[in-house]
Amino acid sequence: MISSKLPNVGTTIFTQMSQLAAETGALNLSQGFPDFDGPQALRDNVARHIAAGHNQYAAMTGLPELREQVAAKISRSYGCNVSADTEVTITPGATQAIFCAIQALIQPGDEVIVFDPCYDSYEPSVALAGGRCVHVPLAYPGFAIDWQKFRDALSPKTRLVILNSPHNPSGALITRAELDQLAALIAERDIYIISDEVYEHLVFDGVAHCSVLAHEALYQRAFVVSSFGKTYHVTGWKTGYVVAPPALTAELRKIHQYVSFCGVTPLQWALADFMAEHPQHISELPAFYQNKRDLFCNLLADSRLSFTRTPGTYFQLVDYSAIRDDLDDVAMAQWMTREHGVASIPVSVFYQQAPKDMRLVRLCFAKREETLRQAAEKLCAI
């Protein structure tokens, strides 16, 4: 019998709920992907580059043209300059970028601070590197960092802190003041940062995203990860990137080259062309998703669900206490899927130990208007 390196890991909740939605014919608002296509011009670019013969390996670091577009976008978005050659690496998805960054940093016995609720790929990646996650719960219900609990979690073994803003699943945003506070607390320590910013352009209500890229002190010790899939509505392309200072990038690339070596070539060409030809896509994205958020929340106003409109991401948390306070969130998500035809994600799965009184599920509103209206009608009928 094989001795599992991840004995406590099974099929992810995202796969489970999507499978249950398919089996029951429910509307799938669980897994975070759009039910609409990315821009037509972007999709046309793929066919054009395949026909043009761009079908062999890209550079290990990523297509130079795409890395240059990433650097230009960072300059426009955050007013800071990074080197396309020595600081930007294209990866097959943001999850792979995070995995490689963790493997580059973590030695056996190192501790990694993660903030609960947190994305489910962090801890297995740390475990495979021989490290240990220290879970710091975010303050509920606002999901802000509890700085006293963070201070208490720091130890001589702390090697890495993983940030996620805009935050999945809550949508909470890290402020510049919080980044300053983090920088002050780790200034004299040998601690690094992974900043998971895959929803960086999905920030609403006129608020600006505070990126670690624009925080000079933190960036010097950071890997900043983002996702073309989230930004361009093509999650199935599994293409992302990581930006880090040259010395950290060099270490990351040592791992990346033996995990996947490179990303898919025609997709990289397609993205590079689209970014050059349609730079306005990024500036239009917040309004695009805020309209979906507002439509969905307005439609849910007459339901028995309670919520505060999410400030970022394309996820909306809803409290179902008024409907079935007797069910925990896993049971509730299953009940809603089977009995009422809407699949969601229970928030407790993002925790090491969820608050006992929490009654939250996560709904994805990256859907067509027709889908959102149908889902809201079903939820309002409960």
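The values are calculated or read from the model by the stated rules, or taken from the named source; none is laboratory data. Keep in mind it's a predicted model, so treat the numbers as computed, not measured. We place every Cβ from the backbone using ideal geometry, glycine too, and count neighbours over all the protein chains shown.
A few comments on the model shown:
- Once the range 88-131 is narrowed to residues that are among the small types (Gly, Ala, Ser) and in contact (Cβ under 8 Å) with a residue 60 or more places away in the chain, the residue that is farthest from PRO141 (Cα to Cα) is ALA104.
- Subset of the range 20-62 [outside the structural domain of VAL361 (by TED's automatic domain parsing), hydrophobic (A, V, I, L, M, F, W, C) and touching a Ser or Thr at 6+ places or on another chain (Cβ under 7 Å)]: ALA58
- All helices (runs of 4 or more DSSP H) inside the range 140-227 with 3 or more residues being outside the structural domain of GLY240 (by TED's automatic domain parsing) and out of contact with any Lys or Arg (no Cβ under 6 Å at 6 or more places or on another chain): none
Residue by residue, here is whether (1) among the basic types (Lys, Arg); (2) closer than 21 Å to ALA247 by Cβ; (3) modelled with pLDDT of 95 or more holds:
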{"position": "SER3", "(1), (2), (3)": "no, no, no"}
{"position": "THR11", "(1), (2), (3)": "no, no, no"}
{"position": "THR15", "(1), (2), (3)": "no, no, no"}
{"position": "THR24", "(1), (2), (3)": "no, no, yes"}
{"position": "ALA52", "(1), (2), (3)": "no, no, yes"}
{"position": "VAL82", "(1), (2), (3)": "no, yes, yes"}
{"position": "THR89", "(1), (2), (3)": "no, yes, yes"}
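- Some residue of the range 333-347 being free of Cβ contacts under 8 Å to residues at least 12 places away in the same chain, part of a helix (DSSP H, G or I) and surrounded by 15 or more Cβ atoms within 10 Å (Cβ to Cβ): yes
One line per residue, one yes/no per condition, for (1) of a type in the set (A, V, I, L, M, F, W, C); (2) under 30 Å from LEU248 (Cβ atoms); (3) without any contact (Cβ under 8 Å) to a residue 24 or more places away in the chain:
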| position | (1), (2), (3) |
| --- | --- |
| THR15 | no, no, yes |
| SER30 | no, no, no |
| ASP37 | no, no, no |
| GLY53 | no, no, yes |
| LEU63 | yes, yes, no |
| VAL82 | yes, yes, no |
| THR86 | no, yes, no |
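- Complete set of residues in the range 349-363 that are touching a residue at least 24 places away in the same chain (Cβ under 8 Å) and either over 17 Å from SER303 (Cα atoms) or assigned to a loop (DSSP other than H, G, I, E, B) (or both): VAL349, PHE350, TYR351, GLN352, GLN353, ALA354, PRO355, MET358, ARG359
- When residues in the range 306-324 are screened for being in a loop (DSSP other than H, G, I, E, B) and either surrounded by fewer than 21 Cβ atoms within 10 Å (Cβ to Cβ) or not assigned by TED's automatic domain parsing to the domain that holds ARG373 (or both), 4 of them pass.
- One residue stands out among those in the range 195-224 that are within 17 Å of ARG159 (Cα to Cα) and hydroxyl-bearing (Ser, Thr, Tyr): the one that is nearest to the chain's Cα centre (by Cα), which is SER195.
- The single condition among (1) free of Cβ contacts under 8 Å to residues at least 60 places away in the same chain; (2) touching a helix residue (DSSP H, G or I) at 6+ places or on another chain (Cβ under 6 Å); (3) polar (S, T, N, Q) that SER3 does not meet is (2).
- Filter result (in contact with a strand residue (DSSP E or B) (Cβ under 7 Å, 6 or more places away or on another chain), under 25 Å from ASP190 (Cα atoms) and part of a helix (DSSP H, G or I)) within the range 68-95: ALA94
- Test: residue in the range 264-280 that is within 22 Å of THR86 (Cα to Cα) and in contact with a Cys (Cβ under 9 Å, 6 or more places away or on another chain): yes
- Matching residues in the range 258-287 - criterion: being surrounded by 15 or more Cβ atoms within 10 Å (Cβ to Cβ), within 25 Å of ALA208 (Cα to Cα) and either free of Cβ contacts under 8 Å to residues at least 60 places away in the same chain or aromatic (Phe, Trp, Tyr) (or both): PHE274
- Look at (1) farther than 26 Å from GLN107 by Cα; (2) loosely packed, with under 14 Cβ neighbours inside 10 Å and you find that ASP190 fails only one, number (1).
- One residue alone among LEU327, LEU372 is assigned by TED's automatic domain parsing to the domain that holds THR310, modelled with pLDDT of 95 or more and not in a helix (DSSP H, G or I), and that residue is LEU327.
- The residue pairs whose first member lies in the range 174-195 and is without any contact (Cβ under 8 Å) to a residue 40 or more places away in the chain, whose second member is hydroxyl-bearing (Ser, Thr, Tyr), and whose beta carbons are closer than 8 Å, counting only pairs six or more residues apart or on different chains, are ILE174/SER165; ARG189/THR158; ILE191/THR158; SER195/SER165; SER195/SER211.
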